[in-house]
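All remarks here apply to the structure that follows.
The values are calculated or read from the model by the stated rules, or taken from the named source; none is laboratory data. Since this is a predicted model, take the numbers as computed values, not measurements. Here Cβ is always computed from backbone atoms with ideal geometry, including for glycine, and neighbour counts include all displayed protein chains. Ligands, DNA and RNA are stripped out before the accessible areas are found, and what is left, the full protein with its side chains, is counted by its heavy atoms. Shrake-Rupley method; radii C 1.70, N 1.55, O 1.52, S 1.80 Å.
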Amino acid sequence: FFIPPRFPYFAYSNFTLTALYRRSIAKEVRDASPSPCATRHQAVPTRDETTCNETCKRDTRICMEFSKGCGRRRLWFVNTDSPLSEVPVPGNGGGRGAQKPFVKWAGGKGQLVEELAARLPRHYAAYHEPFVGGGALFFHLAPAAAFLSDLNEELINAYLVVRDDCDSLIRSLKKHKNERAYYYEIRALDPALLDPVERASRFIYLNKTCYNGLYRVNRRGEFNVPYGRHENPVYADEAQLRLASKTLERADVRVADFGVVLDRARPGDFVYFDPPYQPISTTARFTGYTPDAFDESQQERLADVFHELDARGCYLMLSNSASPLVQRLYSGYRIETLMARRHINCKRERRGAVPEVLVLNY
């Protein structure tokens, strides 16, 4: 029978070519050598070497069969008993564009996410975001394989609870009240003394009811943003949280310095960096997401990580301010300027569109 010329015959040893072609799955495979499996599957890039097990029998979950035939591209096999449109594919996310972050984050990319997505490489393997923050791009793409990290322990705990115990979190969030005295009562709690669910509930409630949706801590790591006086804040959005929980099932999430990406990223992976921005003036110095400041030495270390991953063969995208330091650190790379509205300023008239840069190595 006919073998499409774009897929060389030697790439499909030990696999049923007729079934692959009939289901139009082959178009998703590049430079790969699939292995046989007992159920129907779609090939999706990944990095993990495992063996096939019962996981493959669960809808849209990962069948952990590893393809050993190609050193350039490895595969997950995803059960296709569900409609193919529901099967997540890296770089072409399941439910792409339908999801938004479950927390508001200063410098979040919700308003720019379409522009960022339009500049992604056409094909990539795993997705990495070492300054995940609100995760606007991650939730927009809903990639099949993702590695997310951040130094903010409260934020990462919330991600983990949303992923692993969403029902308990929703029940806890529904108990909160949008009242000034109650807000300060919850803010005064020591999160280290709370169980993970109550800790995540406190974090999300404060995020949704504080002033301007800002997350800021003092040098002791204490959240110190005042009450926001919102009329009807939504802090128990059940549909959004459940959708986020489903997407996070496919993500490795942990508290870590951005340098951890050097241990995890492989050639062909995509890495998006969205660090605390380099200030463009002496008055624009908000980097208070964690007790430790993200200063120029950190920006320089980040540039070193960027250069190393570039040499490794990763696809890289980085957002930052249009400052002279950033322009110097990434000279020689493709740099585009985007306009973004920023809302963190005590004076409303000073909030507005400001230029920022997008650095790409492809």
Sole residue being more than 20 Å from LYS109 (Cβ to Cβ), modelled with pLDDT of 95 or more and either in contact with a helix residue (DSSP H, G or I) (Cβ under 9 Å, 6 or more places away or on another chain) or not in a helix (DSSP H, G or I) (or both), chosen from GLU198, GLU185 | GLU198
Boolean, ALA200 is buried (at least 18 other Cβ atoms within 10 Å of the Cβ) and either out of contact with any Leu (no Cβ under 9 Å at 6 or more places or on another chain) or closer than 27 Å to PHE258 by Cα (or both) = yes
Looking only at segment 334-362, and only at residues there that are surrounded by fewer than 16 Cβ atoms within 10 Å (Cβ to Cβ) and touching a helix residue (DSSP H, G or I) at 6+ places or on another chain (Cβ under 8 Å), the one that is modelled with the highest pLDDT | HIS343
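Sort through LEU243, LEU214 and tell me the only one that's open to solvent by 70 Å² or more (accessible area, probe 1.4 Å) and in contact (Cβ under 8 Å) with a residue 60 or more places away in the chain.
Answer to the check: LEU243.
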Residue ID - least open to solvent (accessible area, probe 1.4 Å), chosen from residues in segment 246-285 that are in contact with a strand residue (DSSP E or B) (Cβ under 8 Å, 6 or more places away or on another chain) and basic (Lys, Arg) | ARG264
Lone qualifier among TYR205, TYR183 - being hydroxyl-bearing (Ser, Thr, Tyr) and over 20 Å from VAL132 (Cα atoms) = TYR183
If you go through segment 159-189, how many residues are in contact (Cβ under 8 Å) with a residue 40 or more places away in the chain, over 29 Å from PRO275 (Cα atoms) and either within 10 Å of the chain's Cα centre (by Cα) or open to solvent by 30 Å² or more (accessible area, probe 1.4 Å) (or both)?
-> 4
